[in-house]
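The values are calculated or read from the model by the stated rules, or taken from the named source; none is laboratory data. Values in this document were obtained by computation on a predicted structure and should not be read as measured data. With ideal geometry, Cβ positions are generated from the backbone for all residues, glycine too; neighbour counts draw on all protein chains shown.
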Amino acid sequence: MDPAGVTFKNPIPLLFHHDRQQPVGRVMLKTTPQGILFEAQLPTIDDAGPLKARVDEAWQSIKAGLITGVSIGYRILGDGVEYLKGGGRRLRATEICELSLVTIPSNANATILLVKSLAQPARKVPAMKQTATDHVTALENKRAALMGRMNDIMETAAQDEATLTDEAATEHDGLSTQVKSIDADLVRWRDLEKLQITTATPVPAAPGQRIVTPTYDRISVRPNVPIGTQFVRAACAILACNGNKSEAAEYATRRWADSTPEVGLALKAAVAPGTATDSVWAGPLVNQSIANDFLELLRPATIMGKIPNFRMVPFNTKVPSQTGGGTYGWVGEAKPKPVTKLAFSSVSLTWSKVAGIIVLTEELVRLSSPSAEALCRADMVAGIAQFLDAQFIDPAVAAVAGVNPASITNGAPTAAATTNPLADLMGLLNHFATNNISADGVTIILSPANAMSLAFRSNLDGSAQYPGITINGGSYRGLNFVTSTAAGTNVIALQPNLILLADEGGVSIDASREASLQMDSAPMSPVDATTVMVSLWQTNTVGLRAERFINWQRANANAVKYLTATAWPAPTGTTTAFDNGNTASVKA
C-alpha cells in the first residue's frame, strides 16, 4: 500500500479483530514520510454491560501485551491498483475505513508503540522476566515513536515556514536527549545479548527424553508446468522474435511472467553483477536450470538415456583403456609362476557438437494454447532424440576429425542374423565371453518390430517365451533390451561399462525464418542441382536449431557386436517348447 495514495476521514472506528459489531474506540490517523501513524482512544465505560466488558477486555489485552498489533480495513479507489509480476499488488489509491486491534498483524511493523492511560491506574499484573532481546525490541520501538514525534514537530514548522516555538523547541530537545540515551542503552543491551548467546548452555533433556537437532532438507521451488516447458518457451520466444534475445526476453516476460518468470530472466542481457540476469555470475545458473529441465525430458527418449552404466568421462582428458588381459594358470607346489602383464592405452574425447534442425509452423511457435505448447515440446524431443539415436548406432557414421565421433557400431564385429532369435542372442553373448568381457549389464538395442516378434512368442502352455519384453523393450534373463527405430534391421549388443561418454549437459538454441533447408534427416553434402531446398519464409515456418556438446567412443574394440539383416518372423501356428535345452516344434 502506497502511503502517499491513502485517504481517510478522521476519526475512524477502532474495532476488535475486524468485527464491525464490536467497536471499542476511535482513531485519529496522520500520514508521514515514515508511514501512517495513529492515535487511538478507548472510552471509559462506567455502566456494567456487554460494551463495558468488551472495551475493558480490549484495554486489558493491550496493557498486558497480549495484543500488540493493528490492522486496517480499506477499500480501493477507482483504478488505484497495480498488478505486479509474481502475483502481488501495489495499492496506489485507497481509503482507510477502520483500524482493528489484532493479535497477529499482516504487516509485522504495524504495532502499538506507546500506551498512555488517562484513567485510574489499573492493578499491576506480574509480568514475565524480559530477556535482553525483549529489552532491545522495546527500546527500538520506543525510539521509533520518539523519532516519529520529532519528525512531526519539524514538519509542522516547515509547513508554517517558521522557526520552532519555544515550547516546540523544548519538546524536540527533550526527545532528542531521550533518543541519545536510548541509543546508549541499545549498545549495552546488544552487547549483553551477544554475551548471553556465547555463554548459553543447552537445556538438559528430561529422563528418557532425547533432544534432537533438526535437519532440514534442501527445498527447491519449481514452476507448476510440465517438465521441459521452460526450455520450449525460451526457444519459442526466440523464434517469435526472430532470434533477437532482448525482444525475446520482453516477449517471454509479458506472456509467462506468472508461471515461468525464469524464462524471461534467462533471456535477458546482463545488467548488474550478482543478479539472476548476470551472464557472468548467476545468469548461467538460470540458463543451466532451463536446459537441465529439457534434458531430463530428452534423455529418457534417447538410447543413451535408456542405457545405464556408461563410463562417464570429461572432455579433453586422457583416460586409460585396457586393450589386453593377463595370462593365468594353475601352478604346482614349488613350481614357477607365469609372468603376465596387462596392456593399456589412453583415450581422450575431444569436443564434438551434435546438432539438429526442427521446423515448426508460425502458428505453433506462437503457442496459442497449452495443447500447442505440449505439441511443440514433443516435436522438439522427438526430433533431437531421433538424430542422436541415429548418430549413436548407425554403422555408416564414421569419425570425422574435429566434427563428429564414429558410431559405436562403426567398425565393430558383426554377424548375419538367422530366423532363430535365441540362437542369435546366444551368439552375441558368446562374443563377450570369448573376449573375456563380462556379460553383466549387457544391453541389446533392437527395433520395435523385432522386439514385438520376441514379445509375441509363447511356450506350449501359453506363457511368454521372452517374459518382460514389450514393444518398448524391457529385460530378460538379466539382459536389458532397448528399442529404437534407428536400429532398423540391426540388433546391437553392447557392454555400457566399456563405452566412454562425455556429455556437457547443456543445449543451445538458435532460430531463423529466412533460411532454406533440405527437409531431410540425412541432408546431401555438398548439395547439387538435384537438391530440393524449402524456404522457411515462403512456407511461413520457423527453423529451430538445437546444439549439444557430446562425444562417445568404444573403450574396447569388442565392447559392441551387432547382427545385420535381422527380421525375426512373427510366430504363426507354431510354438516352441524348451525342456533342458532340447527344442521341439509342435503345431498349435
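Within the stretch 21-41, the set of residues being surrounded by fewer than 14 Cβ atoms within 10 Å (Cβ to Cβ) and without any contact (Cβ under 8 Å) to a residue 12 or more places away in the chain comprises just one member, GLN21. Report whether or not LEU66 is under 30 Å from ALA200 (Cα atoms) and modelled with pLDDT of 85 or more. No: the conditions fail for LEU66.
Picking from LEU114, LEU84, which residue would you name as being exposed (fewer than 15 other Cβ atoms within 10 Å of the Cβ), more than 23 Å from HIS17 (Cα to Cα) and modelled with pLDDT under 85? Please lay out each step first, then the result.
Values: LEU114 fails: more than 23 Å from HIS17 (Cα to Cα).
Unique residue meeting the criteria: LEU84.
For ASP394, the conditions (1) on the phi > 0 side of the Ramachandran plot; (2) among the charged types (D, E, K, R); (3) at pLDDT 90 or above are fulfilled apart from (1).
With GLY441, GLY427, GLY488, GLY474 as the choices, which residue is at positive phi and either over 34 Å from the mean Cα position of the chain (by Cα) or crowded, with 19+ Cβ neighbours inside 10 Å (or both)? So the residue among GLY441, GLY427, GLY488, GLY474 that is at positive phi and either over 34 Å from the mean Cα position of the chain (by Cα) or crowded, with 19+ Cβ neighbours inside 10 Å (or both) is GLY488. Give the residue, chosen from ALA157, ALA162, ALA169, that is at pLDDT below 85 and surrounded by 12 or more Cβ atoms within 10 Å (Cβ to Cβ). Just one listed residue meets the conditions, ALA157. Scanning the stretch 37-69 for residues that are within 17 Å of LEU99 (Cβ to Cβ), part of a loop (DSSP other than H, G, I, E, B) and of a type in the set (A, V, I, L, M) gives LEU42, ILE67. Annotation: of all residues in the stretch 410-434 being in contact (Cβ under 8 Å) with a residue 40 or more places away in the chain and β-branched (Val, Ile, Thr), the one that is nearest to THR566 (Cα to Cα) is THR419. Scanning the stretch 510-551 for residues that are closer than 25 Å to ASP394 by Cα, of a type in the set (S, T, N, Q) and surrounded by 11 or more Cβ atoms within 10 Å (Cβ to Cβ) gives GLN518, SER521, THR531, ASN551. Inspect all residues belonging to the stretch 45-63 and state whether any of them is at negative phi and modelled with pLDDT under 80. Checked against the condition, which is being at negative phi and modelled with pLDDT under 80, the stretch 45-63 yields no hits at all.
Those strands (runs of 3 or more DSSP E) of the stretch 496-587 in which 3 or more residues are modelled with pLDDT under 75 occupy 508-512, 541-554, 574-579, 582-587. For the stretch 42-59, which residues satisfy the criterion of being exposed (fewer than 14 other Cβ atoms within 10 Å of the Cβ) and either touching a residue at least 60 places away in the same chain (Cβ under 8 Å) or small (Gly, Ala, Ser) (or both)? Selection gives THR44, ALA48, GLY49, ALA53. Could you check the stretch 439-456 and list, in sequence order, the residues that are assigned to a strand (DSSP E or B) and polar (S, T, N, Q)? Listed by number, the list holds a single entry, THR443.
Scanning the stretch 384-402 for residues that are aliphatic (A, V, I, L, M), surrounded by fewer than 17 Cβ atoms within 10 Å (Cβ to Cβ) and in a loop (DSSP other than H, G, I, E, B) gives ALA396, ALA398, ALA399, ALA401.
Contact annotation: residue pairs with Cβ atoms under 9 Å, 6 or more positions apart or on different chains, pairing a residue in the stretch 148-162 that is in contact (Cβ under 8 Å) with a residue 24 or more places away in the chain with a partner that is of a type in the set (Gly, Ala, Ser) and in a helix (DSSP H, G or I), are MET150/SER176.
Taking every residue in the stretch 166-177 that is under 9 Å from MET150 (Cα atoms) and pairing it with any residue that is assigned to a helix (DSSP H, G or I), at least 6 positions away or on another chain, the pairs with Cβ-Cβ distances below 7 Å are GLU171/ILE153; HIS172/MET150; HIS172/ILE153; LEU175/LEU146; LEU175/ARG149; LEU175/MET150; SER176/MET150. Quick one: would you say ALA455 is under 23 Å from TRP552 (Cβ atoms), surrounded by 20 or more Cβ atoms within 10 Å (Cβ to Cβ) and in contact with a strand residue (DSSP E or B) (Cβ under 7 Å, 6 or more places away or on another chain)? So ALA455 fails the test.
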